[in-house]
């Protein structure tokens, strides 16, 4: 039997003890996730343990990729509009569940969701943000390609759907 | 930023400055009209995460477009993990 199950965000799950080692992600879960949901800014999926405690999560939102320059030669290859993407802005695993495959499963859960959506609306890629080196290695390990440096010391990676 | 309006010859009443932890600033224009401006306070690092529109420079664009135009690549680690995930959950 799995140590966790995946659920849509709900107040019924206990977030109070969650600690992934990154304060900003812990704070997001406890202070901002519900607000984002209400504002339709992003959707969150939780990994929940046997006592309904949250042991992991990821967030998904829509976005786009644009180019500073769009040369004429490129317009013959792709449409001259922003490329629609899904963004997995956050992925976090509680310390008690780290190194047990949950991060990988959260990533694949998000990926399968985006893949299914891509058959119904225009999504060409999934973009993820790595907040530290460990996260960078994680995404590179599974074949994500470097996209750009983003805010702070974060790097973004992508995978084409 | 809002300005404090003192009572003047036209008897306009002071509105005071911004009130901490509210989401409106209040100003009075030259015609005595009150301007309410809603403010959303977002920590800077959180705000930057809300930047949904990614803009690529030329080199980043070329890498991204090259990936777009090719068949989506999946390495062994991903393929193996995905197969195991599907077997477990689907």
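The values are calculated or read from the model by the stated rules, or taken from the named source; none is laboratory data. As the structure is a prediction and not an experimental result, all values here were calculated from the model. Neighbour counts are summed over all protein chains in view; Cβ atoms, including those assigned to glycine, are modelled from backbone coordinates with ideal geometry.
Residue B:55 - would you say it is assigned to a helix (DSSP H, G or I), at the interface with chain A (Cβ under 7 Å from one of its Cβ atoms) and either at pLDDT 90 or above or more than 30 Å from residue A:29 (Cα to Cα) (or both)? Quick ask: steps written out before the conclusion?
Values: assigned to a helix (DSSP H, G or I): no; at the interface with chain A (Cβ under 7 Å from one of its Cβ atoms): yes; either at pLDDT 90 or above or more than 30 Å from residue A:29 (Cα to Cα) (or both): yes.
Here the answer is no, as residue B:55 does not meet what is asked.
Within region A:54-61, identify whether any single residue is surrounded by fewer than 15 Cβ atoms within 10 Å (Cβ to Cβ) and more than 11 Å from chain B (Cβ to nearest Cβ), and answer yes or no. Show your work before the answer.
Looking only at region A:54-61, we keep the residues that are surrounded by fewer than 15 Cβ atoms within 10 Å (Cβ to Cβ), and these are none.
There is no residue in region A:54-61 that is surrounded by fewer than 15 Cβ atoms within 10 Å (Cβ to Cβ) and more than 11 Å from chain B (Cβ to nearest Cβ).
Can you pull out every residue in region A:10-24 that is under 16 Å from the mean Cα position of the chain (by Cα) and surrounded by fewer than 19 Cβ atoms within 10 Å (Cβ to Cβ)? Show your work before the answer.
To start, the set of residues in region A:10-24 that are under 16 Å from the mean Cα position of the chain (by Cα) comprises A:20, A:22, A:24.
Passing the criteria: A:22, A:24.
Go through region A:63-75 and count every residue that is within 11 Å of chain B (Cβ to nearest Cβ) and more than 21 Å from residue A:155 (Cβ to Cβ). Don't jump to the end; show me each part of the working.
Step one: list which residues in region A:63-75 are within 11 Å of chain B (Cβ to nearest Cβ), which gives A:63-71, A:73-74.
Now drop any that are not more than 21 Å from residue A:155 (Cβ to Cβ), which leaves A:69-71, A:73-74.
Residues that pass the stated criteria total 5.
Can you find, within region A:99-113, the residue that is farthest from the other protein chains (Cβ to nearest Cβ) among those that are more than 16 Å from residue A:60 (Cβ to Cβ) and free of Cβ contacts under 8 Å to residues at least 40 places away in the same chain? Even if it seems obvious, please write down each step before you answer.
Kept after step one, since they are more than 16 Å from residue A:60 (Cβ to Cβ), are these residues of region A:99-113: A:99-102, A:104.
Retained after the next criterion (residues that are free of Cβ contacts under 8 Å to residues at least 40 places away in the same chain): A:99, A:101, A:104.
On the way: A:99: 15, A:101: 9, A:104: 5 Å.
Checked region A:99-113; the qualifying residue farthest from the other protein chains (Cβ to nearest Cβ) is A:99.
For region A:125-160, what are the residues that are surrounded by fewer than 17 Cβ atoms within 10 Å (Cβ to Cβ), modelled with pLDDT under 95 and not in a strand (DSSP E or B)?
A:132, A:133, A:134, A:151, A:152, A:153
With the checklist (1) away from chain B (no Cβ under 14 Å); (2) in contact with a strand residue (DSSP E or B) (Cβ under 7 Å, 6 or more places away or on another chain); (3) surrounded by fewer than 21 Cβ atoms within 10 Å (Cβ to Cβ); (4) free of Cβ contacts under 8 Å to residues at least 60 places away in the same chain in hand, flag the one item residue A:84 doesn't pass.
The number of the failed condition is (1).
Considering only region A:6-51, how many residues are assigned to a strand (DSSP E or B) and in contact (Cβ under 8 Å) with a residue 60 or more places away in the chain? Walk me through how you get there before you give the answer.
Narrowing region A:6-51 to residues assigned to a strand (DSSP E or B): A:6-8, A:14, A:43-48.
This time we only want the ones that are in contact (Cβ under 8 Å) with a residue 60 or more places away in the chain, so: A:6, A:45.
Selection size over region A:6-51: 2.
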